[in-house]
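The values are calculated or read from the model by the stated rules, or taken from the named source; none is laboratory data. A quick note: this is a predicted structure, and the numbers were derived from the prediction, not measured. Cβ: placed from backbone, ideal geometry, glycine included. Neighbour counts: every protein chain shown. Note: areas computed on protein heavy atoms with side chains; ligands, DNA, RNA excluded. Shrake-Rupley method; radii C 1.70, N 1.55, O 1.52, S 1.80 Å.
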Amino acid sequence: IAIIDIFTLQTSTFIHRDANSLSPAIDLVRAGFLSHVPVSPSVAISLRTLEHFRHLRLRKPSFSVEAYVKVICDSYKVPYKRRWRTVLADAFDTYLAILRQVEQRVNTALGRSTPNWRILNSCPPCTYELEDEPLLPFSRMYVLDGGNSAKRMAGLGGRERGDTRTYTESDYIIPRDFVDSFANEVRPRASDSDDADPVVGVFNTTGEEDTHPEVNTDDLTTQVMSSDCSKNWKAAANEEKKRMWSVFDETGIFVSACRHGLLLWVTDMVRSGELAKYPLAIMSNVIDVLGERTLGAYDIGCGFQSTIRASRLGDAFERQKCCMCVDAFHGYAHNYLCQTKNHPNGIVGAGLEDFGTIEHFFSASNAIAPVIRYASSYRRHVFLDLFFKQWDEDKYLNLGTMIYNNYKQALDIVSTESIALDEAKQSLGIQEGDLQTWCQEEIKYFAHLGKETEWDVHAMAYVELLLKLRDAESQAQSASTRFLSTTPKDYQFISFTGTQSYSGDMTATRKLETQRRYSAERLATIQQEVTSMEVKMGIANRWQPSSPEYQATLKYMSNHQYQRALDNLQRLVVQRLFELQRLNISQTAYKMRTHISKSLQTRCHTIQNAVKTYNTAAAALSPPRPQLDWSKVSHYSFLEEFNLLRDTRQDVREKMWAKPAIRAVIRQ
């Protein structure tokens, strides 16, 4: 029979068959070969050649069957033919199926075939508890996230050609029907515009405020975070915004892994972006398998907690004291209030974990994307399963080194930072428990910060009209005065005879006359609007600047304008901070930052105008807020420095936790 062996480069060999042999395929395997067909084989490939390709695929996922066949053809010094690619691909499928059967039998013999055995035993640091081991705040920590590199093209017109098999032998991939059972778990709330809160639109079940009886309403904080910090994430967008091009069938994968990088469960994202059903399906397994006191990290973990509580998983999630947070990398893009509650740096028990392992996984899995983009659904899952297993083997191999390095890092922090922290506390006179108290005060402060008090919108509109009326009266009086000042002292009436040009005689005063007429018409219009509002509101005596109602409304309007000016300034400066961070220069020395600010000053006119607008609004407050200048704003490096400016009721800088030295100690 003709053979392919990349090691010997033989072209044929004799295979001796037993008289009682049931199949030529059995005789080929006994001789170390495998054919691409079960009966009447015409060519066979050595098992060593197939195993060599398997190792190459494990270490280089982008290495395709076609590339390997071309290498073989070059070794044999024959031209490449597509037929050989089909032969090798079919034989490799059979070879992998044999290996899976072998692995299954070995696992059965070792007692590893029970449900969820891999999840419960694959990661020793997560799963193996020592005798008398102290109880940790969290029994297991894991990460969730979705990636769209593992796409697969859909068949033309919905048709599937050739390979229509379904791969069901992976214990990584959650079946589609189970995932789809969570498709209608949360009902989106109708929004009036694209600017409506997308988090609530995805993560609320009732279309109203979440009133789940089991939810612990620390909820002023939760609502502020959910309505603000998650809304810029694609994963938190409305479901209708997560549609994917119809050219793709599978549009990516949603992955979960333990804190040490070993995979837990994976779901296919089908013709969509990151819908809520994908993480909910994984959370169902987490609750059932991992048990109590788990901590999960997701880039929109702050808002995803509302999803879980609003679903059928909510009771079990609360009962087992499970928690969600945001990973350290994405957490810094959330608002500061969210960071105080959900960033790993502020969670007791999270330790040194940054929950960034999924980003590393997606970085590595990008290599497999070219191979599976046009593959069948079966082969896509086969190749993904191979990649998952190799990823776990590599992570398992590196566990000792990782734990050792983490342990050294922890010892170094305890030995050096603890001493520095004690010295700082002693020099600042900080007593035991002060830091915890100040942290809670800070969280409570930011939870209420920026929430405008309700006000009578009709009163605001009325005062705005009164301000316009005063301005219109002033302009009309000024225009009338300027026009009358052009009247000669010895004025005499001149009749129009038809030979004189009115335009020629009145050139000097036409512009002033037009301004007077426009001002008078504008004044009459505003007076009519004011009178109409007074009639509707039942105001008998027009509010004067000395009226208590007028002063209270005007103060609220000034605060509102101040907040809007501050929002705009913060947005512009934060964008600039992100640009500086991309250049890795946001933590440079003072002189260099001053130099950078001077160079930015020449082209950042928008920010300078925003500073002027802010200063105008700040000066209108009572008492006035401190003025800002460009040099000060350009040195802001923390988002909370803007937040501290938001409180117009008191000078928050006098609070202990707002002092720079105390804040540094709290972070430490």
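Tell me which of these residue 551 doesn't satisfy, since it passes every other one: (1) assigned to a helix (DSSP H, G or I); (2) touching a residue at least 40 places away in the same chain (Cβ under 8 Å).
Unmet for residue 551, out of (1) assigned to a helix (DSSP H, G or I); (2) touching a residue at least 40 places away in the same chain (Cβ under 8 Å): (2).
What number of residues within the range 326-350 are within 14 Å of residue 143 (Cβ to Cβ), within 12 Å of the chain's Cα centre (by Cα) and open to solvent by less than 30 Å² (accessible area, probe 1.4 Å)?
Summing the residues that are within 14 Å of residue 143 (Cβ to Cβ), within 12 Å of the chain's Cα centre (by Cα) and open to solvent by less than 30 Å² (accessible area, probe 1.4 Å) in the range 326-350 gives 5.
For the range 376-391, what are the residues that are open to solvent by 10 Å² or more (accessible area, probe 1.4 Å) and closer than 17 Å to residue 172 by Cβ?
377, 378, 379, 381, 383, 386, 387, 389, 390, 391
Mind checking whether some residue in the range 469-487 is modelled with pLDDT under 65, within 30 Å of residue 528 (Cα to Cα) and outside any helix (DSSP H, G or I)?
no
Take the range 285-313 and flag every residue that is of a type in the set (S, T, N, Q) and under 18 Å from the mean Cα position of the chain (by Cα).
Of everything in the range 285-313, those that are of a type in the set (S, T, N, Q) and under 18 Å from the mean Cα position of the chain (by Cα) turn out to be 305, 306, 307.
Is it the case that the range 357-369 has a residue that's open to solvent by less than 30 Å² (accessible area, probe 1.4 Å) and part of a loop (DSSP other than H, G, I, E, B)?
Initially, the range 357-369 is screened for residues open to solvent by less than 30 Å² (accessible area, probe 1.4 Å), giving 357-358, 361-362, 365, 368-369.
With the extra rule that they be part of a loop (DSSP other than H, G, I, E, B), the set shrinks to none.
No; the residues of the range 357-369 include none that is open to solvent by less than 30 Å² (accessible area, probe 1.4 Å) and part of a loop (DSSP other than H, G, I, E, B).
Does residue 354 fit the bill of being out of contact with any Asp or Glu (no Cβ under 6 Å at 6 or more places or on another chain) and part of a helix (DSSP H, G or I)? Please lay out each step first, then the result.
On the way: out of contact with any Asp or Glu (no Cβ under 6 Å at 6 or more places or on another chain): yes; part of a helix (DSSP H, G or I): no.
Spelling it out, it is not the case that residue 354 is out of contact with any Asp or Glu (no Cβ under 6 Å at 6 or more places or on another chain) and part of a helix (DSSP H, G or I).
Step by step: first the residues of the range 302-325, then only those that are part of a loop (DSSP other than H, G, I, E, B) and of a type in the set (A, V, I, L, M, F, W, C), then the one that is farthest from residue 141 (Cα to Cα). Which residue is that?
313
Could you identify the single residue in 558, 546 that is open to solvent by less than 30 Å² (accessible area, probe 1.4 Å) and either farther than 20 Å from residue 462 by Cα or modelled with pLDDT of 70 or more (or both)?
From the options 558, 546, the qualifying one is 558.
If we scan the range 285-306, do we find a residue that is crowded, with 21+ Cβ neighbours inside 10 Å, among the hydrophobic types (A, V, I, L, M, F, W, C), over 30 Å from residue 175 (Cβ atoms) and in contact (Cβ under 8 Å) with a residue 24 or more places away in the chain?
no
Please determine, by comparing only the residues of the range 393-425 that are basic (Lys, Arg) and farther than 18 Å from residue 258 by Cα, which one is most open to solvent (accessible area, probe 1.4 Å).
408
Could you list, ordered by first residue, the pairs with Cβ atoms under 7 Å in which the first is in the range 110-136 and over 20 Å from residue 388 (Cβ atoms) and the second is assigned to a loop (DSSP other than H, G, I, E, B) and open to solvent by less than 70 Å² (accessible area, probe 1.4 Å), at least 6 apart or interchain?
As it stands, the answer is 136/349, since those pairs meet every condition given.
Kindly list, by first and then second residue, each pair from a residue in the range 599-625 that is in a loop (DSSP other than H, G, I, E, B) and modelled with pLDDT of 70 or more to a residue that is open to solvent by 30 Å² or more (accessible area, probe 1.4 Å) and basic (Lys, Arg), limited to pairs with Cβ atoms under 9 Å and residues at least 6 apart or on different chains.
Pairs that qualify, where the first residue is in a loop (DSSP other than H, G, I, E, B) and modelled with pLDDT of 70 or more and the partner is open to solvent by 30 Å² or more (accessible area, probe 1.4 Å) and basic (Lys, Arg), are 621/555; 622/555.
If you take the residues in the range 517-541 that are open to solvent by 90 Å² or more (accessible area, probe 1.4 Å) and in a loop (DSSP other than H, G, I, E, B), which one is farthest from residue 618 (Cα to Cα)?
For the range 517-541, the residue satisfying everything is 540.
Here's the yes/no breakdown for (1) part of a loop (DSSP other than H, G, I, E, B); (2) closer than 22 Å to residue 655 by Cα; (3) within 31 Å of the chain's Cα centre (by Cα); (4) hydrophobic (A, V, I, L, M, F, W, C):
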| residue | (1), (2), (3), (4) |
| --- | --- |
| 401 | no, no, yes, no |
| 406 | no, no, yes, no |
| 409 | no, no, yes, no |
| 412 | no, no, no, no |
| 420 | no, no, no, yes |
| 425 | no, yes, no, no |
| 431 | yes, yes, no, no |
| 437 | no, yes, yes, no |
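Looking at (1) assigned to a helix (DSSP H, G or I); (2) over 20 Å from residue 396 (Cβ atoms), find the lone condition where residue 54 falls short.
The number of the failed condition is (2).
Is it the case that residue 395 is assigned to a helix (DSSP H, G or I), among the basic types (Lys, Arg) and within 30 Å of the chain's Cα centre (by Cα)?
So residue 395 passes the test.
Output yes when any residue across the range 75-86 is closer than 23 Å to residue 394 by Cα and touching a residue at least 60 places away in the same chain (Cβ under 8 Å), and no when none is.
No, there is no match, as no residue in the range 75-86 is closer than 23 Å to residue 394 by Cα and touching a residue at least 60 places away in the same chain (Cβ under 8 Å).
Under 7 Å between Cβ atoms, at least 6 apart or on separate chains: pull out the pairs that start in the range 411-431 with a residue that is among the β-branched types (Val, Ile, Thr) and end on any residue that is in a helix (DSSP H, G or I).
Here the result reads 430/665, each pair linking the range 411-431 to a residue that is in a helix (DSSP H, G or I).
Looking for whichever is over 23 Å from residue 353 (Cβ atoms), touching a His at 6+ places or on another chain (Cβ under 9 Å) and either open to solvent by 10 Å² or more (accessible area, probe 1.4 Å) or modelled with pLDDT of 90 or more (or both) here; the options are 310, 281, 316. Which one fits?
310
From the set of residues in the range 159-195 that are of a type in the set (Val, Ile, Thr), under 21 Å from residue 374 (Cβ atoms) and out of contact with any strand residue (DSSP E or B) (no Cβ under 6 Å at 6 or more places or on another chain), which is modelled with the highest pLDDT? Reasoning before the result, please.
Of all residues in the range 159-195, those of a type in the set (Val, Ile, Thr) come to 164, 166, 168, 173-174, 179, 186.
If we keep only those that are under 21 Å from residue 374 (Cβ atoms) too, we end up with 164, 166, 173.
Narrowing further to those that are out of contact with any strand residue (DSSP E or B) (no Cβ under 6 Å at 6 or more places or on another chain): 164, 166.
Working: 164: 81, 166: 88.
Within the range 159-195, the match that is modelled with the highest pLDDT is 166.
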